[in-house]
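The values are calculated or read from the model by the stated rules, or taken from the named source; none is laboratory data. What you see is a predicted model, and the numbers here were worked out from it, not measured in a lab. Cβ placement follows ideal geometry from the backbone for every residue including glycine, while neighbour counts extend to all protein chains displayed. To get the accessible areas, we keep the full protein, side chains included, count just its heavy atoms, and leave off ligands, DNA and RNA. Shrake-Rupley method; radii C 1.70, N 1.55, O 1.52, S 1.80 Å.
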Amino acid sequence: MESLIVKNLRPEFEPIAVVWSDTIPADASQFKKGKFGCVLYLFAEASTRGRIAGGSRESIICTGGRAALGFGTDFDTSDEQLDMHAALFSKGLKSANNRAAYQAEIEAAPKRWRSMYEYGERRHCSWESAREWILHGFPRYDIPHRYVLFKPLSRTSFDENIRAVIFPVNPVEFSGLVTLAGSVMQGPDPLRAPQGTDCSSITAFAYAEAESAVPRAVLGMMGSDGREVMRRRFRDDIMTLTLPAPLFLRMEKEADDCVFQIPAWNKLVGR
């Protein structure tokens, strides 16, 4: 795909298309069966190394990762699961209703994740608010496709089943994209900054925005796990701005006659 947004924005990092598919290329990056891996690294692999990456219900072990990609939501399949995830998203062990069961979850987690389980992600101030988010705030999908692919936009065709486009952006690129998004939208707020897992900001929340009357861009990588990936593969000043497919297409039509063509922008771009 030759994107007019990319041609004019000239981003430092490759934008990534989120594609629903029933097939995956033989050379695509994906986690080995039974091996725990974070969805964010699939996105990063595609953007920084130009490789197609993806996952399925079988290859994504992380419950949050499966839910984010749209492979069903298991956060509340039982009272025990609901208690565990509400504690994880709030204050960890001190928030858990069943501390013995939660301690067992900590010990079973990969070693590098144990401190996160112990202290919690602190996305919510209490177990109760985390529970409310799980039950009513998280976009739930069980998509009718086997794979979700992260494809470099330059290797993606317009006729593929693109659900969103993720832009890893620095502050200047971010400002240009948000201005362009606002110029093609109704209303004063072109941006959504949802509270939630970082993997869901580049997938599930973008899916939900695509279905709304006025789709907004989704700001991401505001959690500690997301920032860790940004530091390892990008830089500390890089965020993600995910454009739901309907918004991306509207922005594409305007990209040759927008903020990117004014003299003030040309003094900023590429620095």
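General observations
- Condition check for residue 268: within 17 Å of residue 10 (Cβ to Cβ), over 20 Å from the mean Cα position of the chain (by Cα) and modelled with pLDDT under 95: yes
- When residue 268 is tested against (1) part of a loop (DSSP other than H, G, I, E, B); (2) open to solvent by less than 50 Å² (accessible area, probe 1.4 Å), only condition (2) is not met.
- Only helices (runs of 4 or more DSSP H) whose full extent lies in segment 99-183 are considered here, and the ones with at least 1 residues that are farther than 30 Å from residue 262 by Cα and either open to solvent by 40 Å² or more (accessible area, probe 1.4 Å) or of a type outside the set (Phe, Trp, Tyr) (or both) are 99-108, 114-119, 127-132.
- Total residues in segment 206-260 satisfying the condition of being of a type outside the set (A, V, I, L, M), assigned to a helix (DSSP H, G or I) and either open to solvent by 20 Å² or more (accessible area, probe 1.4 Å) or touching a strand residue (DSSP E or B) at 6+ places or on another chain (Cβ under 9 Å) (or both): the figure is 15.
- Test result for residue 195, open to solvent by 20 Å² or more (accessible area, probe 1.4 Å), part of a loop (DSSP other than H, G, I, E, B) and touching a residue at least 40 places away in the same chain (Cβ under 8 Å): yes
- Matching residues in segment 70-94 - criterion: being part of a helix (DSSP H, G or I) and either closer than 15 Å to residue 24 by Cα or of a type in the set (Asp, Glu) (or both): 79, 80, 83
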